[in-house]
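Please read the structure below before turning to the comments.
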Amino acid sequence: MKDYYEILGVGRNASINDIKKAYRKLARKYHPDLNPGDKTAEQRFKEINEAHETLKDPEKKKQYDLYGSLGAHGPGPGAGGPGRGGDFEGFDFNSSGSSTFGDIFETIFGNMGEPRARSGRRPGGRRGPEPGEDLHYSMNLSFMDAANGIETTIQVSHRQPCAACKGKGIDAASKQSTCPACGGRGRVQKQSGFMKFGSVCPNCGGSGVLPGAPCRACGGDGRVETTSRLRVRIPAGVDNDSKVRIAGKGNAGRDGGPAGDLIITVRVAPHKVFRRSGHDLEMTLPVTYAEAALGAKIEIPTLEGSALFKVPPGTACGQRLRLKGKGIINPKTRENGDLYVEIRIVPPSTKDLKVRELLKEIERVAPYDPREELRR
Ligand SMILES: [Zn+2]
Ligand SMILES: [Zn+2]
């Protein structure tokens, strides 16, 4: 059996203060940071920590003094084990002069395939704060609502803290029990090759006790599926498949962790007049033969309502005219795109004989060759 007093080089009647002092001195000396690649130092460092872990705690020290390091006689119920991840509790990181202490802890224990208490998720067991999950939601928008933005109420289903157990996940009426894996010590002895070392009990996360039965209302999760009505604002200018993030409205976190976000993917319906090209808009404007030839002022729809659009005289079919700033706002730059109006000439009906004669008259009076370009 290991002698923790011998490992720390202190007498059996050393005070907690003396033990801590001895521990700090030795931890600094055998710190893996200062002894890279030295397996003996590494082993020593582990033993020092193991010894300190037991002797710094008056209750554990008493148990150790009575039964030794591996006695199954852990602290009785209610005695309270060390806190989660308490391996290096009490070590003053700053006075050690090493800022990488935490990293080394991760490296040493992470590389040995140790089941780490922190990541082990037992329902209702001790664990660190965990952030809530992001949730995804799809929203159908009309073309105009996407272009102009909208504030609306949506109904979402997300996990919120359970009222029955106050988010703890444990049935308040049930009792705690001593962890059978470690006998309540919170630590277990592990063999890794030739090395033997103590580590946090993966079954109870180092607390030495197993919490009571999982809460029946939430199954131990600490959260229950809740339907909420949320007021959300979709900014002007969103496009099909744009994502809008509503902070903190996803699932609630666990153990005080932050809530996840609600991510809304918008689906934008097509418009009967406007087509979208980035933040520009396009539309086709049918005009009469006379309007195209003579020019005209025509009422057209825009995002802000109807506007008077000027067709210049002699406008050809297929010509694209630009209305600056009448497109969709870009939510990032706060600048508007443009509206492109494509002219389409609709010929007059020629059922009437008089119409046909008048058109021929125009050809006679002002003959022109529209295909000059093709012969060059
Ligand atoms: Zn609950
Ligand atoms: Zn245990």
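A few remarks follow.
- Only one entry of Pro115, Pro123, Pro180, Pro202 meets the criterion of being under 24 Å from the mean Cα position of the chain (by Cα), within 16 Å of ligand 2 (Cβ to nearest atom) and modelled with pLDDT under 90, and that entry is Pro123.
- Restricting Ile234, Ile263 to those that are surrounded by 14 or more Cβ atoms within 10 Å (Cβ to Cβ) and closer than 20 Å to Ile328 by Cβ reduces the list to Ile234.
- Candidates Val287, Val244, Val232 - the one that is touching a Pro at 6+ places or on another chain (Cβ under 8 Å), in contact (Cβ under 8 Å) with a residue 12 or more places away in the chain and of a type outside the set (D, E, K, R): Val244
- Annotation note: of Cys182, Cys165, the sole residue that is within 16 Å of ligand 1 (Cβ to nearest atom) and farther than 30 Å from Pro331 by Cα is Cys165.
- Within the stretch 333-367, restricting attention to residues that are closer than 30 Å to Glu282 by Cβ and hydroxyl-bearing (Ser, Thr, Tyr), the residue that is surrounded by the fewest Cβ atoms within 10 Å (Cβ to Cβ) is Ser349.
- Listed by first and then second residue, the pairs linking a residue in the stretch 269-284 that is surrounded by 12 or more Cβ atoms within 10 Å (Cβ to Cβ) to a residue that is among the polar types (S, T, N, Q), with Cβ atoms under 8 Å apart and 6 or more places separating them unless they lie on different chains, are Ala269/Asn140; Ala269/Ser142; His279/Asn330; His279/Asn336.
- Screening Gly222 against (1) within 16 Å of ligand 1 (Cβ to nearest atom); (2) free of Cβ contacts under 8 Å to residues at least 12 places away in the same chain leaves a single unmet condition, (2).
- Selection count where residues are assigned to a strand (DSSP E or B), open to solvent by less than 10 Å² (accessible area, probe 1.4 Å) and in contact with a Gly (Cβ under 6 Å, 6 or more places away or on another chain), scope the stretch 193-229: 0
The values are calculated or read from the model by the stated rules, or taken from the named source; none is laboratory data. Here the structure is a predicted model, which is why all the values come from computation and not from measurement. Here Cβ is always computed from backbone atoms with ideal geometry, including for glycine, and neighbour counts include all displayed protein chains. The protein model used for the area step is the full one, side chains on, heavy atoms only, and it has no ligands, DNA or RNA in it. Shrake-Rupley method; radii C 1.70, N 1.55, O 1.52, S 1.80 Å.
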